[in-house]
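The values are calculated or read from the model by the stated rules, or taken from the named source; none is laboratory data. On a predicted model such as this, the values are computed, not experimentally measured, just so you know. In this analysis, Cβ positions are derived from the backbone assuming ideal geometry, glycine residues included, and neighbour counts consider all displayed protein chains.
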Amino acid sequence: MLLKVKLNNFKSFKNLTELDFNATNYKILNDTNVYNNEILKGAIFVGGNATGKTNIILALRVLLDMLFSDKIINLGKYKCVFSEEVLLELGYEFNIEENNIKYNIFYDVKGKVLVEKLYLNDDLVLDRIGNNAQSKITESKYHTDLDNDVLLLRTIYFNTKFSNYNILKKWFEFLSNSVYLDASQRIISNSDKKIVLNKYLENEGTNEINEFFKEYKFNQQIEYSNQSIGNFVTLKLNDQSTKEIFFKRDCINEPIPYEWESLGNRNLINMLPAFFKVVKNGGMLIIDEFSSAFHNELERLLIKYFMSKSKNSQVFIVSHSTNLLSNSIFRPDQEYSVDFFANGSVVNRFSNDKPREAQNIEKMYNSGCFGGKPNYKPEYME
C-alpha cells in the first residue's frame, strides 16, 4: 500500500512537498480506515478551485501511465512552469507485505536525462542515470543505451515479470489493479487495461450493481439488454445486436434509458465498477471531482462502503464536499487542504493542527482553521 508521495517542481508544486499516509495516534475509525493499525486506506484533498488538488493525484496517474501505458509519457510537460529549476522529482514509498519499497524518479527537462532509483528494504537495487544503469534485479548487472523516454523499471517488468522477486511482483500487481477515474468526464483508465463498462455489465456487472442497489435500498435496478419491458411501456432498440442500460424504479417499474437518466445516476454507474474492482483485488482508486452530481448521503455511503469492505486497497479523492470532513467518514490524518500562493501549491494535513476527535472538523475547516478555504467575498463585505 502507498505510504508516501513526494513532489518537487511538478505542475503547481514548485517546492518539495511530501504527503504521508501512515496512520497517526488517532483512534477513531481504526477498524475501518486503517490497515493493520499502520497504513491509512486513503485520503481526501479539499481546497478552492485551481489550487493544485488534482495535481496531487495526477502524480499517481503519471506513475501508472509511465509503468503500464503503451504511449510515451513526456515528463517534461509536468514541470512547474513558474520555476527556474530544471529538475522535476517524483517519489513514491510503498509497504508490500511488510517490505518497504521506495521508487524515485528525477527528470532533467533541459538535458532530457531520466534518473531512477529503486530501493527494496533500503537496499538500492536499481540505479539509473540517463542512458546507463546498474541493477540487482536482472541477470545483467549493467544496462547501457537506455531510452530517456522510457522507465527502465517498466522494461524490466515486461521482460521478466519479476519472476525472481516475489515482492516486486506483488507490488506491480497492486499497481496494475489501481484505477484512475476522471470523474468530470467519467473516463476510467487503469494502467495496463481499461474497465470497459459494456463488457463489465455483460458479465457479472449487472448483478453486482443490482445487489449493491438492493443492499443499500436504492429502490432501483438496472437492465442491460436490447429491450426493457415495463408495466405500460416497452422500449426496444432498433439494432437488436446492441444493448443499452435501462434504469427501473421499484415504485413504477418502467424503463428509463441511460441517456435519459440523471447525471448522478449515470456517474454512479460509471464509478461502481472501479469501486468493486479495487475493493476486491487491492490497489488504489484515484478519483478526481469525486462528488460530481452526488447527494451528500451517496458520497458518505460510497466512502464508508470502501473503507469497511476493503483490505489491501486505498482510495484517494479530490472533492469540494465539505460534508465529507467528518470524523465519522475520514480521520483528521486522512484530510488535506490545498492552497495556492506565489510559491505554488501548499498542502496542510489536518492532523498537523491536532484537532480533537470530538471536534466538528467541517466547521473548523469552514472557519479557516486548516487553510484551503477560498474567500470570494468582495471588499465591502469584509
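Taking the conditions exactly as written (at pLDDT below 90, touching a helix residue (DSSP H, G or I) at 6+ places or on another chain (Cβ under 8 Å) and not in a loop (DSSP other than H, G, I, E, B)), does residue 209 satisfy them or not?
So residue 209 fails the test.
Do you know which residues across the stretch 372-382 are without any contact (Cβ under 8 Å) to a residue 40 or more places away in the chain and either surrounded by 14 or more Cβ atoms within 10 Å (Cβ to Cβ) or among the aliphatic types (A, V, I, L, M) (or both)?
Answer for the stretch 372-382, where residues must be without any contact (Cβ under 8 Å) to a residue 40 or more places away in the chain and either surrounded by 14 or more Cβ atoms within 10 Å (Cβ to Cβ) or among the aliphatic types (A, V, I, L, M) (or both): just 381.
Are there any strands (runs of 3 or more DSSP E) wholly within the stretch 110-186 with 3 or more residues that are in the same structural domain as residue 64 (by TED's automatic domain parsing) and modelled with pLDDT of 95 or more, and if so which?
113-120, 123-129, 132-135
Looking at the stretch 300-312, which of its residues are of a type in the set (D, E, K, R) and either outside the structural domain of residue 330 (by TED's automatic domain parsing) or touching a helix residue (DSSP H, G or I) at 6+ places or on another chain (Cβ under 6 Å) (or both)?
Of everything in the stretch 300-312, just one residue is of a type in the set (D, E, K, R) and either outside the structural domain of residue 330 (by TED's automatic domain parsing) or touching a helix residue (DSSP H, G or I) at 6+ places or on another chain (Cβ under 6 Å) (or both), namely 309.
If you scan the stretch 257-277, which residues turn out to be within 16 Å of residue 218 (Cα to Cα), out of contact with any helix residue (DSSP H, G or I) (no Cβ under 9 Å at 6 or more places or on another chain) and surrounded by 19 or more Cβ atoms within 10 Å (Cβ to Cβ)?
Within the stretch 257-277, just 267 meets the criteria.
Residues are listed down the side, and each one gets a yes or a no for (1) out of contact with any helix residue (DSSP H, G or I) (no Cβ under 7 Å at 6 or more places or on another chain); (2) of a type in the set (Phe, Trp, Tyr); (3) within 25 Å of residue 13 (Cβ to Cβ); (4) surrounded by fewer than 16 Cβ atoms within 10 Å (Cβ to Cβ):
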| residue | (1), (2), (3), (4) |
| --- | --- |
| 325 | no, no, yes, no |
| 328 | yes, no, no, yes |
| 333 | no, no, yes, no |
| 339 | yes, no, yes, no |
| 349 | no, no, yes, no |
| 353 | yes, no, yes, yes |
| 358 | yes, no, no, yes |
| 361 | no, no, yes, no |
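In contact (Cβ under 8 Å) with a residue 60 or more places away in the chain, surrounded by fewer than 18 Cβ atoms within 10 Å (Cβ to Cβ) and out of contact with any strand residue (DSSP E or B) (no Cβ under 7 Å at 6 or more places or on another chain): does that describe residue 74?
For residue 74, the condition - in contact (Cβ under 8 Å) with a residue 60 or more places away in the chain, surrounded by fewer than 18 Cβ atoms within 10 Å (Cβ to Cβ) and out of contact with any strand residue (DSSP E or B) (no Cβ under 7 Å at 6 or more places or on another chain) - is met.
Would you point out the residue of the stretch 270-303, among those that are farther than 22 Å from residue 327 by Cα and among the basic types (Lys, Arg), that is nearest to the chain's Cα centre (by Cα)?
Checking each candidate, the answer is 277.
Cβ-Cβ below 6 Å, separation at least six or inter-chain, first residue in the stretch 227-245 and hydroxyl-bearing (Ser, Thr, Tyr), second buried (at least 16 other Cβ atoms within 10 Å of the Cβ): which pairs?
Going by the 6 Å Cβ cut-off, the qualifying pairs are 228/235; 228/246; 228/255.
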